[in-house]
Amino acid sequence: MSAHTETASKPFVAFGKTFPSEREAIIGLMDSIQVAEACAGRALAAWSETCKIPALRGGLKMIAEREAYHGRVFQQRIRDLGSVCKAELDPFSKESEACIFNPGLTDLEKLTDLVERNGDPTTLIAPVLAFAELLTEDLESKEALKLYYADEISSGNWLRDTCDALTGTAKVPQAA
């Protein structure tokens, strides 16, 4: 199958919605993810520049790079599929960025807000893995989404564990 063509366009159901095809569902999901990831990469990088807690700063730098490359990879995949990126940043991500850029909050307040806002990493990102497992035609996108899932779990767990270590209280439980 070439980058722009589909074998037989058939409806694809994901997230309780019917898409014209698997390709269209992939483009829709990746478009919403790419903008959030690219913006998160910039926001976390900016926070890492002002963060006063060395252990947090080091992790923020790593996670910022990871978020930024997720954005780039999904932007390229959308282009490979013959489409363009057009999604706008969602309200959830806008609120997270507003917190990160708020100069009136301490690093621990920002971290706690981010961890509480995102909740359990597995619960938050599980729909992406479930979606990836439904893909049968576009195996390149399937594997990219599965790796994205693993990265997000790693980042979310690190943020939660760091918040717990720095504040002395576990605010968000792990999934069973």
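Derivation of every value follows stated rules applied to the coordinates shown; laboratory data play no part. Note that the coordinates shown come from a computational prediction; the quantities given were computed from them, not determined experimentally. All Cβ positions, even for glycine, are placed from backbone atoms using ideal geometry, and neighbour counts span all protein chains on display.
Remarks
- Each Lys or Arg adds one and each Asp or Glu subtracts one; over the other residues with Cβ under 12 Å from the Cβ of D80, this totals +1.
- For the stretch 51-93, the residues whose backbone nitrogen is under 11 Å from a point 7 Å from the Cα of R42, taken along Cα to Cβ, are 89.
- Förster-model FRET efficiency, 25 Å R0, L147 and E116, C-beta, rounded to 0.05: 0.40
- Backbone HN-Hα couplings from phi across the stretch 41-57 [Karplus 6.51/-1.76/1.60, Hz, Gly and Pro as x]: x, 5, 5, 5, 5, 5, 4, 4, 6, 10, 4, 9, 9, x, 5, 5, 4
- Whole-Hz couplings from phi, Karplus 6.51/-1.76/1.60, listed for the stretch 110-122; x for Gly and Pro: 5, 4, 4, 4, 4, 5, 5, 5, 7, x, 5, x, 5
- On the beta carbon distance between D161 and V13, with R0 = 35 Å, the FRET formula returns roughly 0.45.
- Taking amide H as placed 1.01 Å from N in the peptide plane, the amide H of A14 sits under 5 Å from that of F19, each at least 5 places away or on another chain.
- Among C85, L134, T123 - extreme Cα towards positive end, dipole of the stretch 64-176, charges at beta-carbon: C85
- Listed peptides 86-93, 17-24, 64-71 by packing density, highest first (mean Cβ within 10 Å): 64-71, 17-24, 86-93
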